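To start, the structure itself, in structure tokens.
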Amino acid sequence: MGTIEELEQCILSGNIKEVERYTTAELEKGIFWSVIFENTLSPLMAKIGQGFSAGTYFLPELIAAGMAVTGAVKVIRESLGDIEIETKGTVVMGTIFKDIHDIGKNIVILNLEGAGFKVVDLGIDVQPDKFVRSYRDNHADLIGISALLSTTMVNLEPAIKQIREKELNAKIMVGGNPITPEFAKKIGADGYASDGYQAVLKTKELLDIR
């Protein structure tokens with residue numbers, strides 16, 4: 001693969017094998033993994049995320065891109081063996097209790113991983129105590145909670161209240177189709193994100209990462 005443009009097209013089309021091959025080739029040249037990530041993969045993922053927010057790229061491309069970059073991260077992890085990859089932070093993610101939808105959450109996770117964050121996926125129908133336990137066990141930096149239905153978004157407020165009672169200083173970000181910035185603020189969340197790209201930006205803002 002000769003150019004960044006070719007790599008971008010492979011990421012957009014979800015060509016995981018080619019993206020993994022590119023990553024392997026760069027590592028074999030002796031290029032440090034963080035250089036590959038910060039100078040190439042992360043900027044391309046950000047560009048695609050911006051395009052999605054602007055309406056020039058669409059959901060299938062965003063999902064494909066996230067999977068492709070996650071494949072590159074897998075190659076990097078395998079190349080390092082037992083050496084721990086330094087991440088930008090750890091995020092605990094889950095869908096609020098009584099909600100079994102996860103496509104939005106999964107897209108956010110792909111974007112966060114593609115941006116260099118470690119994500120602990122708690123799945124769907126997650127109770128507040130499970131968020132707290134995982135936050136503590138993983139020494140996490142942020143909790144992300146999604147709600148995909150208007151009937152389950154009402155569960156966010158009591159969940160945040162219960163989390164705050166046990167982890168007063170935990171940063172909490174919410175998102176999902178029925179959620180608005182105003183609602184997020186009203187229920188005591190620290191941040192809101194409308195899509196995967198915005199979730200990356202908001203996570204960096206909440207964690208003071210530049």
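Since every read-out is calculated from the coordinates, none of them should be taken as a lab result. All values derive from a computational prediction rather than experimental measurement. Note: ideal-geometry Cβ built from the backbone for every residue, glycine included; neighbour counts use all protein chains shown.
Listing for the model above:
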read-out	value
About the Cα centre, charge dipole magnitude for the chain (Lys/Arg +1, Asp/Glu -1 at Cβ), debye	580
Among A64, A46, H139 the positive-end extreme of the charge dipole of the chain (Cβ point charges)	H139
Rotationally averaged projected area of the chain (alpha carbon convex hull; nm²)	11.4
Net charge over other residues, Cβ less than 13 angstrom from the Cβ of M153 (K, R count +1; D, E count -1)	-1
Over the chain: helical MRE at 222 nm, DSSP H runs n ≥ 4 each giving -39500 (n - 2.57), nearest 500	-16000 deg cm²/dmol
Relative contact order of the chain, pairs being alpha-carbon contacts under 8 Å that are 6 or more residues apart, as %	19
Fewest-first sequence of M67, M93, M173 by Cβ atoms within 10 Å of each Cβ	M67, M173, M93
Per-selection metrics, segment 4-80 (Cα): Rg and Dmax in Å	12.0, 38
Relative contact order %, segment 4-80, counting alpha carbon pairs below 8 Å whose residues are six or more apart	50
Ranked H139, H101, criterion: other C-beta atoms within 10 Å, fewest first	H139, H101
At 1.306 mPa s and 10 °C, Stokes diffusion of segment 1-42 via Kirkwood alpha-carbon radius, µm² per second	154
